[in-house]
Amino acid sequence: MKLTIDVWRQASDETDGRFVSYTVDDAAAEMSLPELLDRLNSQLVEEGEDPIAFDTDCREGICGTCGITVDGIPHGPEPHTPMCRQHLRSFSDGAHIRMEPFRSSAFPVVRDLVVDRSAMDRVVASGGFVSVDAGTAPDADTRQIPFDMAERALDFSACIGCGACIAACPNGSSHLFTGSLLTHLATLPQGKPERGRRARGVVESAEEEFGPCSVYGECAEVCPAGIPLSAISAVNREAARAAVRRNRDD
Amino acid sequence: MSAPAPARPSGSAPVTRAGHRSRFSSVAAKYIMAITGLIFSAYVLVHMIGNLKVYQGPEAFNSYAHWLRNAFYPVLPYEGLLWILRVVLLVSVIAHIVCALILKSRARRARGGARAPSIRRRRGLGLSVFAGRSMLVTGVVLLLFVIFHILDLTTGTSPAAPDGFQAATHESSYAYSNLVDSFSRWPASLIYIVAMLALALHLLHGLVSSVYDLGIGVGSKARNILAAVALLVALVVALGNITIPVAVLTGLIS
């Protein structure tokens with residue numbers, strides 16, 4: 001199939017970017033979006049041009065490294081699917097595809113389609129982890145938890161940290177990401193001793209890095225991990241709980 | 001507050017942050033908006049039910065208006081209940097608007113300000129999405145309407161109020177004739193009807209949003225129920241009120 005691709009080209013955060021149009025004549029329906037970019041890049045290298053920079057790693061939807069905006073939608077047309085698992089069968093032959101980086105103030109463009117998502121790392125570093133019981137893996141039966149609690153924690157820990165929720169949010173908010181982080185750690189016994197301290201640190205950091213939530217619900221629509229929208233309410237819940245239990249770590 | 005310092009790669013450019021550094025957190029602002037919003041929601045529901053007494057005739061409606069001024073006398077002074085409501089509502093509306101403006105400016109900044117490219121919305125533009133996206137517009141419409149409404153039927157200030165406006169006295173109230181006089185002017189009726197449609201949209205998103213903002217986890221099933229309840233409340237309040245100017249204009253009430 002023949003595709004026309006408008007790709008955002010930007011040398012660095014300091015320079016302005018613009019869309020450049022390319023044509024790929026030998027695209028195939030079973031190609032994924034990174035494979036299309038690979039194909040285009042070999043074409044560009046053959047022609048002596050600079051290849052397009054884009055983030056990609058596992059290409060099986062579990063690492064959260066990839067992420068571009070396709071035709072205005074973070075990751076692309078297929079719902080709940082990371083960019084690396086989006087295929088050209090979603091597009092018709094002769095289609096015009098627009099590819100640009102994830103857009104949000106918190107995500108400065110590094111080059112072309114690559115953005116700096118370290119704002120999310122700073123939120124995690126502000127307490128979004130478990131630092132107690134960090135020795136060797138304990139025996140699986142040491143702490144027994146109900147099955148549905150384990151499932152609930154797993155649902156929210158499915159977040160791959162790609163940042164699509166933030167790119168999709170008209171407010172540039174990270175509530176789906178922050179909420180899933182807080183929920184799964186607050187659900188499991190290992191996370192409970194630091195629950196309050198974690199909420200204070202993570203929410204304060206998230207407010208410094210991202211915007212407020214208006215419950216538009218766009219985030220959950222693009223989330224490749226299928227994090228439920230209820231995650232966003234955890235931000236206010238955990239912050240309020242930590243504020244009421246002022247001096248307590250748990 | 002002993003969160004570890006954020007890790008920063010050495011030698012990198014200074015970090016620009018998209019959020020805010022104010023001591024007033026967005027979480028607190030959203031709690032204030034949710035609580036004050038629920039106060040308004042309860043108020044407009046009760047207000048609408050009271051308005052429907054207009055269908056019981058002039059005497060019932062006027063005596064209801066009179067009772068509002070004398071309620072719980074002598075425990076409360078004359079107009080005591082009204083003034084308690086007025087103070088609560090005034091404080092709430094100021095807090096609601098201030099928080100809305102603070103959050104809006106933070107959201108704009110985080111999205112990228114005027115430079116932000118428009119994003120295509122996965123959710124389309126159905127009624128609930130439209131209601132969410134138009135909160136600021138419907139909010140401004142409601143604020144202007146509340147000012148008009150007070151000038152029209154509370155203070156009786158012209159040109160908002162009808163010519164024959166009669167202020168309430170300690171002995172009696174003229175709410176019925178004031179209402180009929182006001183709604184007999186079709187532009188006034190139109191303002192009321194448009195404002196009620198704005199109220200319905202504002203409630204539709206506001207009721208759903210306030211539940212999330214209060215930190216209540218809503219699953220996908222519960223979300224559908226919540227959306228249905230919000231739609232029901234929004235429609236009941238708006239349609240209940242809209243029937244009154246329509247009834248006046250069609251001569252059902254005179």
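Please treat every number below as a calculation from the coordinates, not as lab data. Just so we're clear, the structure is a prediction, and the values are computed from it rather than from any experiment. As a convention, Cβ positions derive from the backbone with ideal geometry for all residues, glycine included, and neighbour counts pool all protein chains shown.
Mind checking which of B:Val146, B:Val75, B:Val180 has the largest fluctuation in a GNM of chain B, springs on alpha carbons under 10 Å?
Comparing B:Val146, B:Val75, B:Val180 in a Gaussian network model of chain B, the most mobile one is B:Val75.
Using a Förster distance of 30 angstrom, determine the FRET efficiency expected from the C-beta separation of B:Leu144 and B:Tyr55, and round it to 0.05.
0.60
Work out Dmax and Rg for chain B from the C-alpha atoms and quote the Rg first, both in angstrom.
22.4, 80
Tell me, in nm to one decimal, what length is gained between A:Ile145 and A:Asp57 on full extension, where the rule is 0.36 nm per residue of separation less the Cα-Cα distance?
Extending this stretch completely gives an extra 28.3 nm.
From Cα pairs below 8 angstrom and at least 6 apart in sequence, can you work out the relative contact order of segment A:63-178, rounded to a whole percent?
In percent, rounded to a whole number, it is 27.
What helices does chain B hold that run 27 Å or longer along their axis, going by alpha-carbon atoms, with a Kyte-Doolittle average of 1.0 or more, using DSSP H for the helix calls? Display every interim value, and only then the final one.
On the way: long enough: B:26-51 (36 Å, 1.37); B:80-111 (46 Å, 1.34); B:186-213 (39 Å, 1.41); B:220-249 (43 Å, 1.84).
In chain B, the long hydrophobic H runs are B:26-51, B:80-111, B:186-213, B:220-249.
Find, to one decimal place in angstroms, the Kirkwood hydrodynamic radius of segment A:102-250, where the mean of 1/r is taken over every pair of different Cα atoms and then inverted.
Mean inverse Cα-Cα distance, inverted, gives 15.8 Å.
Taking the Cβ of A:Gly94 as the center, what net charge do the other residues with Cβ under 13 Å away carry, scoring Lys and Arg +1 and Asp and Glu -1?
Surrounding charge for A:Gly94 is -1.
Counting only other chains, what is the mean number of Cβ atoms within 10 angstrom of the Cβ of each residue in peptide A:202-208?
5
Who wins for biggest fluctuation among B:Arg86, B:Arg223, B:Arg21 in a Gaussian network model of chain B, springs between alpha carbons below 10 Å?
Evaluated over chain B, the most mobile residue of the options is B:Arg21.
Taking 7 Å along the Cα-to-C-beta vector as the label spot, tell me the B:Ser22-B:Ser63 distance in nanometres, rounded to one decimal.
A separation of 5.0 nm, rounded to one decimal place.
Hey, rough spin-label estimate for B:Thr169 and B:Ser254, points 7 angstrom out along Cα→Cβ, what's it come to in nanometres?
Distance between label points: 2.8 nm.
Select from segment A:210-250 those trypsin sites (Lys or Arg not before Pro) which occupy a DSSP coil region and have at most 16 other Cβ atoms within 10 Å, ordered by residue number.
Those that pass, being in a loop and sparsely packed, are A:Arg245, A:Arg246, A:Arg248.
Taking just the alpha carbons, could you work out the radius of gyration and Dmax for segment A:97-184, both in angstroms?
In Å, with Rg to one decimal and Dmax whole: 16.7, 52.
Mind checking the full-extension length gain between A:Ala28 and A:Glu47? Use 0.36 nm per residue of separation minus the Cα-Cα distance, one decimal, nm. Before the final figure, lay out the partial values.
Numbers: separation 19, 0.36 × 19 = 6.84 nm, distance 2.12 nm.
Taking A:Ala28 through A:Glu47 to full extension adds about 4.7 nm, to one decimal.
Could you work out the mean count of beta carbons from other protein chains within 10 Å of each residue's beta carbon in B:22-32?
Average neighbour count from other chains, rounded to a whole number: 5.
Using only the alpha carbons of the protein assembly as shown, determine the length spanned along each of the three principal axes and report them from longest to shortest in whole angstroms.
So the extents along the principal axes, rounded to whole Å, are 90, 58, 42.
Given the rule -39500 (n - 2.57) for each run of at least 4 DSSP H residues, summed and divided by the residues of chain A, what is its mean residue ellipticity at 222 nm, to the nearest 500 deg cm²/dmol?
Per the formula, -10000 deg cm²/dmol.
What number, rounded to the nearest 500 deg cm²/dmol, is the helix-based mean residue ellipticity at 222 nm of chain B, given -39500 (n - 2.57) per DSSP H run of at least four residues and division by all its residues?
One gets -22500 deg cm²/dmol as the mean residue ellipticity at 222 nm.
With the radius of gyration and the Kirkwood radius both derived from the Cα set of segment A:3-111, what is their ratio Rg to Rh?
0.93
Using a 7 Å offset from the Cα along the Cα-to-Cβ direction at both B:Ser158 and B:Ser134, what is the distance between the two label points in nm, to one decimal?
Each label point lies 7 Å from its Cα, and together they span 3.5 nm.
Between A:Ser21 and B:Val15, take the C-beta separation as r, use R0 = 51 Å, and let me know the FRET efficiency to the nearest 0.05.
According to the calculation, E is roughly 0.90.
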